[in-house]
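Note sheet for the following structure.
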Amino acid sequence: MSEIRAILTDIEGTTSSIDFVKDVLFPYARTRLPAFISTHADHADVQHWLHEAAKEAELVSASQQELIDLLQHWIDVDRKSTALKALQGLIWQEGYVAGEFRAHVYPEVAARLRQWRADGIRLYVYSSGSVPAQQLFFGHSEAGDLAPLFAGWFDTETGPKRLSTSYARIAEAIGEQPQHILFLSDVVEELDAARAAGFQTTLLARPPMACPAEAPHPCVTDFDAIVLG
């Protein structure tokens, strides 16, 4: 096995509970979306992402309320929309800054990330959430500010997480050979794509999930069980 020089990690189900995103972050964004868009509609970044959402939905023209309804529906169905994720991130920023919540991380994650970083391994995030949302997440975690541990951040603007070309782009962006990068995720299809791009992979099966008897990737239940090289 090649030496691991960089680790790329997913968030939901990997470093952090899916329940936190589903039960805290999504409802927070959904509830505050109408007022946020009404009061920030003249902001350039909000205008840009509303335009991108309309384009994605193939709407030639749409009222503000129609866009709000569309985005709330996308939240309900967890649509992997770059525009939606960007707008959610802007809304979550207000909640994090106000101290209304802290991002969940599994108990062993912070210590393991710090140890890997101390060992000289570069750390990166690849999530469907926008890069600003990722930075807020780790910057306001239950374990403190973990954002400085990471050397870079990637979201779906890089490409879909189930396409091998996305991982090839990430390897090129961080200047590392794919075989020296370990990708961590709880989604087999994402790991398949990373492996196809030459990455090493590990499947996270957080309890109550369990590693399958014939796991298609090395499988662990927490970060402490990850073996590097």
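Computed values, structure above
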read-out: Unmet criterion (only one of (1) open to solvent by less than 50 Å² (accessible area, probe 1.4 Å); (2) farther than 23 Å from residue 29 by Cα) for residue 105; value: (2)
read-out: Sole exception among (1) open to solvent by less than 30 Å² (accessible area, probe 1.4 Å); (2) assigned to a loop (DSSP other than H, G, I, E, B) for residue 202, by number; value: (2)
read-out: All helices (runs of 4 or more DSSP H) inside the range 1-108 with 3 or more residues being farther than 30 Å from residue 184 by Cα; value: 26-40, 44-56, 64-76
read-out: Any pair with Cβ under 7 angstrom, 6 or more apart, that starts in the range 109-123 at a residue that is over 21 Å from residue 179 (Cα atoms) and ends at one that is assigned to a helix (DSSP H, G or I); value: 109/223; 112/223; 112/224; 114/149
read-out: Matching residues in the range 161-176 - criterion: being in a helix (DSSP H, G or I) and either surrounded by fewer than 15 Cβ atoms within 10 Å (Cβ to Cβ) or free of Cβ contacts under 8 Å to residues at least 12 places away in the same chain (or both); value: 165, 169, 172, 173
read-out: Residue pairs meeting the criteria (Cβ under 6 Å; at least 6 apart or on separate chains; first open to solvent by 20 Å² or more (accessible area, probe 1.4 Å), in the range 177-192; second in a strand (DSSP E or B)); value: 186/204
read-out: In the range 205-229, the residues that are in contact with a Lys or Arg (Cβ under 9 Å, 6 or more places away or on another chain), open to solvent by 30 Å² or more (accessible area, probe 1.4 Å) and under 23 Å from residue 128 (Cα atoms); value: 216, 221, 222
read-out: Matching residues in the range 116-160 - criterion: being within 25 Å of residue 172 (Cα to Cα), open to solvent by 40 Å² or more (accessible area, probe 1.4 Å) and out of contact with any helix residue (DSSP H, G or I) (no Cβ under 8 Å at 6 or more places or on another chain); value: 118, 119, 120, 148
read-out: Matching residues, the range 195-229, being free of Cβ contacts under 8 Å to residues at least 60 places away in the same chain, closer than 17 Å to residue 160 by Cβ and hydrophobic (A, V, I, L, M, F, W, C); value: 196, 197
read-out: Filter pass, residue 210 being in a loop (DSSP other than H, G, I, E, B), of a type in the set (A, V, I, L, M) and out of contact with any strand residue (DSSP E or B) (no Cβ under 8 Å at 6 or more places or on another chain); value: yes
read-out: Failed item, numbered, when residue 132 is tested on (1) at pLDDT 95 or above; (2) part of a helix (DSSP H, G or I); value: (1)
read-out: Sole residue being touching a helix residue (DSSP H, G or I) at 6+ places or on another chain (Cβ under 9 Å) and more than 14 Å from residue 9 (Cα to Cα), chosen from 198, 175; value: 198
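The values are calculated or read from the model by the stated rules, or taken from the named source; none is laboratory data. It should be emphasised that the depicted structure is a prediction, and the values quoted were computed from it without experimental measurement. Here the Cβ is made from the backbone with ideal geometry for all residues, glycine too, and neighbour counts use every protein chain on show. Just so you know, the surface numbers come from the protein's heavy atoms only, side chains and all, with ligands and any DNA or RNA stripped out. Shrake-Rupley method; radii C 1.70, N 1.55, O 1.52, S 1.80 Å.
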